[in-house]
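**Q** My questions all concern the structure below.
All of the numbers you see were taken from the coordinates with simple rules; none came from a lab. Every value quoted in this text rests on a predicted model; they were computed, and no experiment measured them. In this analysis, Cβ positions are derived from the backbone assuming ideal geometry, glycine residues included, and neighbour counts consider all displayed protein chains.
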Amino acid sequence: MKLELEVNGAAAHVEASPWKRLLDVLREDLRLTGTKEGCGEGECGACTVMLDGEAVNSCLVAVGQCHGRKVVTVEGLAAQRAGEAEVLHAVQRALVTCGGAQCGICTPGIAVCAVHVVDSGALHGADDATARAKVRELLAGNICRCTGYQLIVDAVIAAARELEGARS
Amino acid sequence: MTAYVRPRDLAEALALRAEHPDWMVLAGGTDLMVNAIHQKVPAGIVDLWRFAPIGGITVGDGRITIGAGATWTEVERHPAIREKLAPLALAAREIGALQIQARGTVGGNVGTSSPVGDSLPALLALDCELEVASVRGHRRAPYSAWCTGYRTTQLAPDELVIAAHLPLPGANVRTAWRKVGTRRAQSISKVMGAAAIEVDAGVVVSARIGLGAVANRPIRATAVEEAVRGQRLGAQAAEAARAALRASIAPIDDVRSTAAYRLEVAENVVARFFHVS
Ligand SMILES: Cc1cc2nc3c(=O)[nH]c(=O)nc-3n(C[C@H](O)[C@H](O)[C@H](O)COP(=O)(O)OP(=O)(O)OC[C@H]3O[C@@H](n4cnc5c(N)ncnc54)[C@H](O)[C@@H]3O)c2cc1C
Ligand code: FES
Ligand code: FES
């Protein structure tokens, strides 16, 4: 079927079976290979993207369901102004500076989910212990085999603090 | 090629069901899309994701009505559900993780009706009545009679689940919910239970107990419900509940737990519902 969706702020036209996974349409039809497949079963979160502003597993979304909807992938997290170099989201920068990525397979999914968590204000005003517990709960659907999570949690908290500081 | 329809209204959705009972009814896809690339390609899809006629949560007439299309994120955040139907809000928070809660729906949990569906013991304890529709008309079905076996339900091939109706518990009803799994998020339950217990001056007037993962479908622990009637809340009711449960359920052995472990945990879960907090 002919599909029209908004991907990372731009219109995307795709001809695909409605049963095809959003994950495969992103990687194969749109060549957005930042989104990774870990398990294909909804368990690992490597394929996380935003669908109409919610973090979802793109391996569990039939692309027919995305017609007319907005999708944001890891490629769409950075701010991009015409003629300027792109600026990474605070979460992405913090993952780099805190060492929250090793092999990198889980990283796109973690970045998307963490941006969703931070931008939704879920950590706003929380003290450190509460914020750490929240990050662990909200990122529980993103599995990482390398880092042991500690540095990922550090990064998400650092990004949330930076954005809070910028706001106030 | 798989046919795909996003119905405009309920009449179109029901007509599609009547005409193509073999088509897949797809909501959040968190059950249906697991391992999708290794599955049989469906002949057609009726897409219920964000389908307005079955969406939304409303409070009124002494009950809360949850549209089948409501997601677990919506259920968990809803203030009236958190306050009045706490077991359901607590279950919602432990279904999968953030990504699963954003897509998984009430209708999907009820549609699959797996013995480990987390909301299902809560629906049992909270006396849920499902509203179901087809071109033949609307009907109501108590959730306690919905499951007919392992992952099988009363749903006819031309029907859709429209909503779950839950009466608001009275002021003297205490509710509780407990899930035991390997970790809090993203783990399939070993045992879970929900309770709604009506108490008068410290004595149990009546109780409804829903249990999951202890039989081939979610069940009401009716033997416990009878045994605790008239018992004093605390050790007395808790011990009556434990004995009645032991005599009435026979959980299974599987890769996740042994039957003996499940029975002991289920007893503890149920007994704890009757402790004075
Ligand atoms: C990683 C992972 C973790 C999970 N963890 C949990 C957990 O902890 N607890 C738990 O309970 N579940 C869990 N699930 C299962 C699943 O998320 C839930 O059962 C969810 O509620 C299903 O809803 P859905 O909308 O995604 O269903 P779908 O997959 O879209 O549909 C499921 C079934 O319901 C039918 N259906 C859907 N809507 C209707 C309707 N309105 N009328 C008639 N039939 C309908 C479909 O035809 C299908 O048979 C998990 C799943 C995954 C992938
Ligand atoms: S690939 Fe989608 S959750 Fe693992
Ligand atoms: S960095 Fe390797 S899986 Fe997370």
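**Q** Report the charge-dipole magnitude of chain A in Debye, nearest 20, computed about the Cα centre from +1 at each Lys and Arg Cβ and -1 at each Asp and Glu Cβ.
**A** 120 debye
**Q** What is the extension gain from B:R151 to B:M1, computed as 0.36 nm multiplied by their sequence separation minus the C-alpha to C-alpha distance, in nm to one decimal?
**A** Full extension from B:R151 to B:M1 adds 51.2 nm.
**Q** Shifting gears a bit: Apply the Kirkwood formula to region B:173-273: the hydrodynamic radius equals the inverse of the mean of 1/r over all pairs of different alpha-carbon atoms; give it in Å with one decimal.
**A** 13.6 Å
**Q** State, as an integer percentage, the relative contact order of chain B based on alpha-carbon contacts under 8 Å between residues 6 or more apart.
**A** Reported relative contact order: 16 percent.
**Q** Any idea what the relative contact order of region B:3-167 is, in percent, if you count C-alpha pairs under 8 Å spaced at least 6 apart?
**A** 25 percent
**Q** Here's a follow-up. If you take the Cα atoms of the protein assembly as shown, find Rg, then find the Kirkwood Rh from the mean of 1/r over all pairs, what is Rg/Rh?
**A** 0.99
**Q** Also: Add -39500 (n - 2.57) for each DSSP H run of 4 or more in chain B, then divide by its residues: what number comes out at 222 nm, to the nearest 500 deg cm²/dmol?
**A** -8500 deg cm²/dmol
**Q** Determine the dipole magnitude for region A:1-93: charges of +1 sit on the beta-carbon of Lys and Arg, -1 on that of Asp and Glu, nothing else is charged, the reference point is the Cα centre, and the result goes in debye to the nearest 20.
**A** Its charge dipole is roughly 100 debye.
**Q** Take the Cα coordinates of chain B, assign each an equal point scatterer, and use the Debye formula without solvent to give log10 I(q)/I(0) at q = 0.11, 0.13, 0.14 Å⁻¹.
**A** So the normalised log intensities work out to -0.62, -0.85, -0.98.
**Q** On to the next question. Reachable lysines from B:K190, Cα under 19 Å, same-chain residues fewer than 8 places away excluded?
**A** B:K179
**Q** Quick one: if the Förster radius is 35 Å, what FRET efficiency do B:N172 and B:K40 give, using the C-beta to C-beta distance and rounding to 0.05?
**A** Calculated value: 0.10.
**Q** Turning to a different aspect of this structure: Which residue fluctuates the most in chain B, going by a Gaussian network model with Cα springs under 10 Å, if the choices are B:L98, B:L245, B:L120?
**A** Evaluated over chain B, the most mobile residue of the options is B:L98.
**Q** Specify the residue with the greatest mean-square fluctuation among B:I209, B:I249, B:I81, computed from a Gaussian network of chain B linking alpha-carbon atoms under 10 Å apart.
**A** The residue that fluctuates most here is B:I249.
**Q** FRET efficiency for B:R229 and B:N268, Cβ-Cβ distance as r, R0 = 25 Å, nearest 0.05?
**A** 0.75
**Q** While we're looking at this one, here's another question. What is the extension gain from B:T182 to B:A15, computed as 0.36 nm multiplied by their sequence separation minus the C-alpha to C-alpha distance, in nm to one decimal?
**A** Additional length available on full extension: 55.8 nm.
**Q** Cross-chain or 8 or more residues apart, Cα under 22 Å: how many lysine pairs in chain A fit that? Count them up, please.
**A** Qualifying lysine pairs in chain A: 5.
**Q** Where does chain A land at 222 nm, in deg cm²/dmol rounded to the nearest 500, when only DSSP H runs of n ≥ 4 count, each adding -39500 (n - 2.57), divided by all residues?
**A** Computed ellipticity for chain A at 222 nm equals -9500 deg cm²/dmol.
**Q** For B:V276 and A:M1, what does the FRET efficiency come to when R0 = 45 Å and r is the distance between their Cβ atoms, rounded to the nearest 0.05?
**A** That pair, B:V276 with A:M1, gives E of 0.15.
**Q** B:S248 versus B:D22, label points 7 Å from Cα toward the beta carbon: distance in nm?
**A** The two pseudo-label positions are separated by 4.3 nm.
**Q** Looking at chain B as a GNM with Cα springs under 10 Å, which of B:A89, B:A250, B:A68 has the largest mean-square fluctuation?
**A** B:A250
**Q** Eigenvalues of the Cα gyration tensor times 5, then square-rooted: what semi-axes does that give for region A:39-168, in whole angstrom, largest first?
**A** Working through the eigenvalues yields semi-axes of 22, 19, 15 Å.
**Q** Take A:M50, A:M1 and order them by how many other Cβ atoms sit within 10 Å, fewest up front.
**A** Exposure proxy ranking, most exposed first: A:M1, A:M50.
**Q** Could you put B:S113, A:S168 in order, starting from the residue whose Cβ has the fewest other Cβ atoms within 10 Å?
**A** A:S168, B:S113
**Q** In chain B, once you exclude exposed trypsin sites (Lys or Arg not before Pro) (DSSP loop, at most 13 other Cβ within 10 angstrom), what's the longest stretch remaining?
**A** B:41-135
**Q** Could you give me D for region B:1-57, from Stokes-Einstein at 20 °C and 1.002 mPa s, where the hydrodynamic radius is the Kirkwood radius over C-alpha pairs? Units µm² s⁻¹, please.
**A** It diffuses with D of about 178 µm²/s by this estimate.
**Q** Here's a follow-up. Note down the nm distance, to one decimal, between modelled labels 7 Å out along Cα→Cβ at A:H67 and at A:T97.
**A** Calculated label separation equals 4.6 nm.
**Q** Follow-up. Starting from the Kirkwood Rh over alpha-carbon pairs, what translational D in µm² s⁻¹ does region A:90-167 have by Stokes-Einstein at 4 °C and 1.567 mPa s?
**A** In µm²/s, the coefficient rounds to 107.
**Q** Hey, another quick one. List the residues, sorted by chain then number, that are 5 or more residues from B:I64 or on another chain and whose placed amide H is less than 5 Å from its amide H.
**A** Answer set, sorted by chain and number: B:L166, B:L168.
**Q** Mind checking the full-extension length gain between B:H138 and B:E239? Use 0.36 nm per residue of separation minus the Cα-Cα distance, one decimal, nm.
**A** Between B:H138 and B:E239, full extension yields an extra 32.1 nm.
**Q** State, as an integer percentage, the relative contact order of chain A based on alpha-carbon contacts under 8 Å between residues 6 or more apart.
**A** 23 percent
**Q** Additional query: In whole Å, what are the extents of region A:2-76 along the principal axes defined by its C-alpha atoms, from largest to smallest?
**A** Reported extents, whole Å, longest axis first: 29, 24, 20.
**Q** Enumerate the calculated ³J(HN,Hα) couplings along region B:138-153 in order (Karplus 6.51 cos²θ - 1.76 cosθ + 1.60, θ = phi - 60°), each rounded to whole Hz, writing x wherever the residue is Gly or Pro.
**A** Per-residue couplings from phi come out as 9, 9, 10, 9, x, 4, 4, 10, 6, 7, 10, x, 5, 6, 10, 9 Hz.
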